[in-house]
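Structure record follows, encoded as structure tokens.
The values are calculated or read from the model by the stated rules, or taken from the named source; none is laboratory data. Just so it is clear, the model here is predicted, and its values are computed rather than measured. No Cβ is skipped: glycine too gets one built from the backbone with ideal geometry, and neighbour counts run over all protein chains shown.
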Amino acid sequence: MRYLWVTLLLLPIYLALTANLEVSNIIVGGLITLGVTALLRPGANPIGVRRLPGALLALLQYLALLLIELIVSGLQVARIVLSPSLPIKPGIIAIPAGTNSELATALSAHAISVTPGELVVEIGEDGVMYTHGLDASQPEEVRLAAQRQRRDLLRRIIP
């Protein structure tokens, strides 16, 4: 029953984004939203009304953090690529996710992978994300602090 409610909540969003109310698009939208719902597997404990403002604030902070990371890392990669000496020090870095939630780990890995110059190549069973970076010389404390910030925000968003 939860799947049906989530699907019915997602369908109007899909239709608004596509701006197409043809029957074929409504059917396709229903199938897509049902698939998304099946992938998300909504839990029995939805976000409570009391937690909602804090979760929304954390989501906005998370999105702002992601945007800042995208801009900063994009500029860093551009500087590296445009430099005649091509000063890269690539390597694989182990970053512990620090969460028990698979969704939070996946979102954290996604945040790392969409930033230019970094790519999560594997997530171990213990939750460690093995990340390839163009510049592996960055101190471990900096990477761990960034992951800790992402983890704390994701814990406030995802119960």
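If the condition is being out of contact with any strand residue (DSSP E or B) (no Cβ under 9 Å at 6 or more places or on another chain) and among the hydrophobic types (A, V, I, L, M, F, W, C), then the stretch 111-159 contributes 111, 114, 142, 145, 153, 154, 157, 158. Looking at the stretch 66-159, none of the strands (runs of 3 or more DSSP E) lying wholly inside it contains 3 or more residues that are polar (S, T, N, Q) and touching a helix residue (DSSP H, G or I) at 6+ places or on another chain (Cβ under 8 Å). For the stretch 33-64, filtering for residues that are at pLDDT 90 or above and more than 13 Å from residue 158 (Cα to Cα) leaves 4. Among the candidates 78, 64, 58, 106, the residue that is of a type in the set (A, V, I, L, M, F, W, C), surrounded by 14 or more Cβ atoms within 10 Å (Cβ to Cβ), in the same structural domain as residue 148 (by TED's automatic domain parsing) and free of Cβ contacts under 8 Å to residues at least 40 places away in the same chain is uniquely 106. Scanning the stretch 109-147 for residues that are surrounded by fewer than 13 Cβ atoms within 10 Å (Cβ to Cβ) and under 16 Å from the mean Cα position of the chain (by Cα) turns up 110, 121, 122. Among the candidates 36, 72, the residue that is more than 16 Å from the chain's Cα centre (by Cα) and either outside the structural domain of residue 152 (by TED's automatic domain parsing) or not hydroxyl-bearing (Ser, Thr, Tyr) (or both) is uniquely 72. Assessment of the stretch 110-117 against the conditions (touching an Asp or Glu at 6+ places or on another chain (Cβ under 8 Å), modelled with pLDDT of 90 or more and outside the structural domain of residue 10 (by TED's automatic domain parsing)) yields no matching residue.
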